[in-house]
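The values are calculated or read from the model by the stated rules, or taken from the named source; none is laboratory data. A quick note: this is a predicted structure, and the numbers were derived from the prediction, not measured. Heads up, the Cβs are rebuilt from the backbone with ideal geometry, glycines too, and the neighbour counts pull from every protein chain shown.
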Amino acid sequence: MPMPDRDAPVLLEMRDITKTFPGVKALADVNLVVNEGEIHAICGENGAGKSTLMKVLSGVYPYGDYSGEIRYRGVEARFADIRASENAGIVIIHQELALIPGMSITENIFLGNEPRTGLAIDWKTAQRRALELMKLVGLKEDPDTLIKDIGVGKQQLIEIAKAFAKDVKLLILDEPTAALNESDSRQLLDLLRDFRTQGITSIIISHKLNEIEAVADQITILRDGKTIETLDVLADGVNEDRIVRGMVGRDMSSRFPDYTPNIGEVFFEVRDWTVRHPITDRLVTKHANFSVRRGEVVGFAGLMGAGRTELAMSLFGRSYGTWLGGQVFKDGREIRLRTVSEAIEHGLAYVSEDRKAIGLNLLDDIKTSIVAAKPAKVAHHGVIDEVAEHQAAESYRQELRIKTPSVDEGVSKLSGGNQQKVVLAKWMFSDPDLLILDEPTRGIDVGAKFEIYGIIHKLAEEGKGVVVISSELPELIGLCDRIYTVFEGTITGEVVRAEADPERLMKQMTTTKKTA
Amino acid sequence: MSGLQDLKKNLFGGTTTVGRQFGMIFTLVAIVLLFEVLTDGLTLTSGNLIAVVSQYSYILILAIGMLMVIVAGHIDLSVGSVAAFVGIVVAKSIAHFGIPWPLGIVLGLVVGALIGAWQGFWVAYVGVPAFIVTLAGMLLFRGGNQFIGNADTVPVPEGFRTIGAGYLPEVGPATGYNNLTLLLGLIGCLAVAWREWQSRKTRQEMGAAPAPLWISGLRLAVMVGVIVFATLRFAGGRVGTSLPVSGIILIGLVLIYSFYTRNTVSGRRIYAVGGNARAAELSGVKLQRVNFFVMCNMGILAALAGMIFVARSAASGPQDGLSWELDAIAAVFIGGAAVSGGLGTVSGSIVGGLVMALLNNGLQLMGVGVDLVQMIKGLVLLLAVAIDVYNKSQGRFSIIDSLTRPFRRAEVPAAVPAADAPRQNDKTPAAS
Ligand SMILES: Nc1ncnc2c1ncn2[C@@H]1O[C@H](COP(=O)(O)OP(=O)(O)OP(=O)(O)O)[C@@H](O)[C@H]1O
Ligand SMILES: [Mg+2]
């Protein structure tokens, strides 16, 4: 592996950057130095200001909106907007993907940047260049495929291809692997290393510290809007624990809280559940059978697209696809879950993996969002009791440590991880018996992850059943009492905690053979 | 916090949404004062204020329904036609079939509800965009009006006219004022005081410090002042006039719908659906029901507006309700609602409607021609929404915020929010 040149010239220097939002000081005198040709990671807890810093750098918050100085390639840069920073070769890929689902790969790659002959768009050239760019990021797809028809992992690669359609010198990736499974993530990180050999500098933000450790040359750590330190990965002998110490300001001896499960009897059972894709004839869930005991944390492992989310959502009031058959039993009696409100009444809760698109109303404030799944709990005869609502929200703010000045704030102003906590609070508030968590720690920092694991355990201790869908095997192994593996819509096996190891799970996740 | 921020933040209750109305009301007051000067004091005379209310109350009633439709993420282009259709149905029924007029009103509301249900069915259950459904409705009911009325005008009886042209009766001692209007004003003052006290209590129960007393006092004084002023104006007009009946209906509706949209579970669902339909659905909200309800409700309010207009002009005609939908939609957007749904308040829309009404009225008083008035109104709408859109693109909210922006500079606390503080001390295993 070619090592970056230690004496490489400084490409970018951000000095004393301060950025305030009404009510929050997101960045306070932050400094960042990035050398040419390195992979520079930015770590920090949720709300530490990572995304904000990158938005300052890329002109999302234009010059004048922040104080401090940006020096880029030796001169002061004052970007008025994103276009200005792109012209200078800085391309950012945001935490939220910015692709248009109804457009093709080619159209998305060249959106706003279309090759032309005269006034007309030159689609031939566009297609050809799209293929080149896709090859560059290691993607084999028909360039006419619509974005909505490909998985998140590939979408992420398309975003990068899109960045390369411009003349990129500095590539910024804000949590690029949050939604990716392991192999997709690995592919993406390899890509970054490739870019390094081509002299392209990258800045990467991620909460997956193992990836950071593996790929980064330098790590800058932010905490509460301040620069804490910059670590040189080789020189300082950095490992995950070292990064965590910088992020949270102390050592964390374990990633999972201590906990002794107290498991009761089976109270929730699904039999022969079969679901068809909403449009095509494909079966996304095939004769699924599984059960959950009281006080048990049950994991679902599987590759992206294995049908775990589809299974969960179809159980949750048939919110996905066409139900073809199957029964659900709760406490021995068959229950009907034909609508979401029926599911909620029967004590189900589904915390979606995609909080922005389907988990939250981003126009709402925090307190309204928290009571949204069961507003009746804070209402008398349909009239909301503002005091009760406020108190409920306030108690979750404290319990989950949602970082906000007040529960009256809009959820759109929260950092990604804190939004996730709001979604979690919303479903905890609905008093479920069975809580289905779909990728509950996606985009969440180590400290908050630990807290969320603690909350999951607490819910289990209260005798609730918890189902966790996760693409991170270590998380499932550390958290769950039992893990089902899913492959292409079929539940292929069941592993209890004591026997769970990554190899075994991986094998079951990639085979059609039933093993248990 | 400095006194000024305190004031701004607390004058209208302290939350961000309510804080926004501060700017709205500020705009309204500015317009009133501007025209008061430009028209040499004609704007705030009793006669003119009474005329404004009776001339625009039906538009404002439409704006209430339109606000809910727009918040849910739809639009209704048919309200003018629906109003005209209901007007002619009611007028005909009374004139030709001898139905007593109170029954006529009930009939009108039922017809409005049926029309609303018809459009709601297409929007909610078939999934045709409301723009199309109501465009069709616009043609359908405009034609229906002419079909039933033969393009003639049909007069309505005296009793029926009360809802559009009626005033409160003169009762009690001769005070030189309309006594019932005075009474209403008094009730208004008491209600405002009670609400202020309630809101202090609520904040206390939430564990938040209530606004400093002087602010409560000032806020109360301003509101009572406005109410007293308005009461005296409306009560002190020509003998036999008062706050128009249509104005009282409007006030009643504003109170009911404000409460409904802000404080009830089902009212909130409208915002949830408009803000993120899929998220609302996954929270157990029945989308179809909400969509059906807002369209149906719009039909009822359009019917009411149509009847008030017919009552005011004493007859129903083929030109009734022409381009009302545009006025109502404009009011809602000037009042700060988002084009994409999910945002907006009843009171904001009412203030937006009043801005339009006073603009119209002031320009007319100044003798500006209808052509110019239209052009100015068009530009005002464009400008108001443009400022809104611009501000949102800057990550700020709404026109109103921009007006009050100079006040909020120093609001940023130096430290990071408090929920963090207990971070060190608990379950997380800490070793260092
Ligand atoms: N538009 C905004 N308005 C108000 N506050 C904001 C806004 N954007 C960010 N903030 C606040 O600024 C702080 C930093 O947010 P930022 O999104 O940069 O965090 P982050 O480090 O990227 O966190 P995460 O890991 O959760 O994505 C947070 O406290 C957040 O609430
Ligand atoms: Mg972020």
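A compact table of results
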{"quantity": "Flag if A:P101 is away from ligand 2 (no atom under 16 Å from the Cβ) and under 24 Å from the mean Cα position of the chain (by Cα)", "calculated": "yes"}
{"quantity": "A:R78 vs. criteria outside any helix (DSSP H, G or I), away from ligand 1 (no atom under 15 Å from the Cβ) and not aliphatic (A, V, I, L, M)", "calculated": "yes"}
{"quantity": "Residue in segment A:326-336 that is within 14 Å of ligand 1 (Cβ to nearest atom), without any contact (Cβ under 8 Å) to a residue 60 or more places away in the chain, over 24 Å from B:V265 (Cβ atoms) and of a type outside the set (S, T, N, Q) present", "calculated": "no"}
{"quantity": "One residue from B:F97, B:F160 being among the aromatic types (F, W, Y) and either modelled with pLDDT of 95 or more or surrounded by fewer than 16 Cβ atoms within 10 Å (Cβ to Cβ) (or both)", "calculated": "B:F97"}
{"quantity": "Residue that is nearest to A:I172 (Cα to Cα), among those in segment A:29-38 that are away from ligand 1 (no atom under 16 Å from the Cβ) and of a type in the set (A, V, I, L, M, F, W, C)", "calculated": "A:V34"}
{"quantity": "In segment A:291-326, the residues that are over 22 Å from A:R355 (Cα atoms) and surrounded by fewer than 19 Cβ atoms within 10 Å (Cβ to Cβ)", "calculated": "A:S291, A:T322, A:W323, A:L324, A:G325, A:G326"}
{"quantity": "Sole residue being surrounded by 20 or more Cβ atoms within 10 Å (Cβ to Cβ) and of a type in the set (A, V, I, L, M), chosen from A:A357, A:A379, A:A373", "calculated": "A:A373"}
{"quantity": "Unmet criterion (only one of (1) surrounded by fewer than 20 Cβ atoms within 10 Å (Cβ to Cβ); (2) within 16 Å of ligand 1 (Cβ to nearest atom)) for A:E213", "calculated": "(2)"}
{"quantity": "Any hit, segment A:262-285, residues being within 30 Å of A:N31 (Cβ to Cβ), hydroxyl-bearing (S, T, Y) and more than 14 Å from every other protein chain (Cβ to nearest Cβ)", "calculated": "no"}
{"quantity": "Number of positions in segment B:203-249 that are touching a strand residue (DSSP E or B) at 6+ places or on another chain (Cβ under 9 Å) and part of a helix (DSSP H, G or I)", "calculated": "2"}
{"quantity": "Yes/no for A:A41 being more than 13 Å from chain B (Cβ to nearest Cβ) and either more than 8 Å from ligand 1 (Cβ to nearest atom) or polar (S, T, N, Q) (or both)", "calculated": "yes"}
{"quantity": "Selected residue (only one of B:I187, B:I215 is at pLDDT 95 or above and either surrounded by fewer than 18 Cβ atoms within 10 Å (Cβ to Cβ) or of a type in the set (A, V, I, L, M, F, W, C) (or both))", "calculated": "B:I187"}
{"quantity": "Tally, over segment A:16-26, of residues that are within 11 Å of another protein chain (Cβ to nearest Cβ) and under 18 Å from A:S58 (Cβ atoms)", "calculated": "4"}
{"quantity": "Residue check for A:S406: farther than 28 Å from A:S319 by Cα, more than 7 Å from chain B (Cβ to nearest Cβ) and outside any helix (DSSP H, G or I)", "calculated": "yes"}
{"quantity": "Unique match (being outside any loop (DSSP other than H, G, I, E, B) and within 14 Å of another protein chain (Cβ to nearest Cβ)) among A:S341, A:S291", "calculated": "A:S341"}
{"quantity": "Of the criteria (1) touching a residue at least 60 places away in the same chain (Cβ under 8 Å); (2) over 29 Å from the mean Cα position of the chain (by Cα); (3) facing chain B (nearest Cβ under 9 Å), which one A:A379 fails", "calculated": "(1)"}
{"quantity": "Boolean, A:L189 is away from ligand 2 (no atom under 16 Å from the Cβ), over 23 Å from the mean Cα position of the chain (by Cα) and under 25 Å from A:G447 (Cα atoms)", "calculated": "no"}
{"quantity": "Which numbered condition A:G59 misses (of (1) away from chain B (no Cβ under 14 Å); (2) touching a Phe, Trp or Tyr at 6+ places or on another chain (Cβ under 6 Å))", "calculated": "(1)"}
{"quantity": "Test: residue in segment B:223-246 that is within 25 Å of B:F131 (Cα to Cα) and either touching a residue at least 24 places away in the same chain (Cβ under 8 Å) or in contact with a Ser or Thr (Cβ under 7 Å, 6 or more places away or on another chain) (or both)", "calculated": "no"}
{"quantity": "Output for segment A:243-263, where each listed residue is in a helix (DSSP H, G or I) and touching a strand residue (DSSP E or B) at 6+ places or on another chain (Cβ under 7 Å)", "calculated": "A:I243, A:G246, A:M247"}
{"quantity": "Extreme residue, modelled with the lowest pLDDT, among residues of segment B:218-235 that are of a type outside the set (V, I, T) and under 20 Å from B:L49 (Cα atoms)", "calculated": "B:M223"}
{"quantity": "Helices (runs of 4 or more DSSP H) enclosed by segment A:99-189 - at least 3 residues per element that are in contact (Cβ under 8 Å) with a residue 40 or more places away in the chain and either within 16 Å of ligand 1 (Cβ to nearest atom) or of a type in the set (G, A, S) (or both)", "calculated": "A:152-165"}
{"quantity": "Residue identified as on the phi < 0 side of the Ramachandran plot and either surrounded by 19 or more Cβ atoms within 10 Å (Cβ to Cβ) or in contact with a helix residue (DSSP H, G or I) (Cβ under 6 Å, 6 or more places away or on another chain) (or both) among A:I263, A:I203, A:I279", "calculated": "A:I203"}
{"quantity": "One residue from A:G47, A:G59 being under 29 Å from the mean Cα position of the chain (by Cα), in the same structural domain as A:I219 (by TED's automatic domain parsing), under 23 Å from A:I444 (Cα atoms) and not in a strand (DSSP E or B)", "calculated": "A:G47"}
{"quantity": "Within segment A:399-422, considering residues that are more than 12 Å from ligand 2 (Cβ to nearest atom) and hydrophobic (A, V, I, L, M, F, W, C), the one surrounded by the fewest Cβ atoms within 10 Å (Cβ to Cβ)", "calculated": "A:L400"}
{"quantity": "Qualifying residue in segment A:4-12 (condition: part of a loop (DSSP other than H, G, I, E, B) and either at pLDDT 90 or above or aromatic (F, W, Y) (or both))", "calculated": "no"}
{"quantity": "Where a residue in segment A:17-44 is assigned by TED's automatic domain parsing to the domain that holds A:E229 and closer than 18 Å to A:I243 by Cα and its partner, wherever it lies, is of a type in the set (G, A, S) and away from ligand 1 (no atom under 13 Å from the Cβ), with Cβ under 6 Å and at least six apart", "calculated": "A:I39/A:S202; A:I39/A:A216; A:A41/A:A216"}
{"quantity": "Evaluation of B:I249 against (1) surrounded by fewer than 21 Cβ atoms within 10 Å (Cβ to Cβ); (2) under 22 Å from B:A338 (Cα atoms) (one fails), failing number", "calculated": "(2)"}
{"quantity": "Extreme residue, surrounded by the fewest Cβ atoms within 10 Å (Cβ to Cβ), among residues of segment A:48-64 that are away from ligand 1 (no atom under 12 Å from the Cβ) and at positive phi", "calculated": "A:G64"}
{"quantity": "Qualifying residue in segment A:16-39 (condition: buried (at least 23 other Cβ atoms within 10 Å of the Cβ) and assigned to a loop (DSSP other than H, G, I, E, B))", "calculated": "no"}
